[in-house]
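Participant: Questions regarding the structure given below will be posed in turn.
Coordinate-derived values only; no laboratory data. No experiment lies behind these values; they were computed from the predicted model shown.
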Amino acid sequence: MLLALLACAGHPRGNKDLLTFLEDGTTTKPVVTQTLGEREPPHIWGNGDVWTYRIERDRDGFYIPTNPDPRGTPARDRPLDGTRYSLVLEFDQNGVLSRHALVDLKQKP
């Protein structure tokens, strides 16, 4: 029982519907921030038109890892070692999602 509790304490519980709100041509930056939260903000590239989030998955679905490393470095600024997925979001000049992809970083070629 204790092991089960310790395992759950390491990350938020997965949600199979976590990413279903993403709709190209409709979803806006504020909706993404509101839905995915601000505790682990995305890595923002270029002029702010490309955002990436680290995504993990457990038996219940997807989640955004939130535990910082011992040095206090946010997840978005750490190497991708050990990360399973990268959620890549590209926005147009109006802040509307133009396309998105969930990239499997562990997939073998």
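Participant: Amide H to amide H under 5 Å from THR28: which residues, 5+ apart in sequence or cross-chain, H placed 1.01 Å off N in plane?
Facilitator: LEU97
Participant: Collect residues whose amide H, placed 1.01 Å from N in the peptide plane, falls under 5 Å from the amide H of LEU19; neighbours closer than 5 in sequence don't count.
Facilitator: The answer is none.
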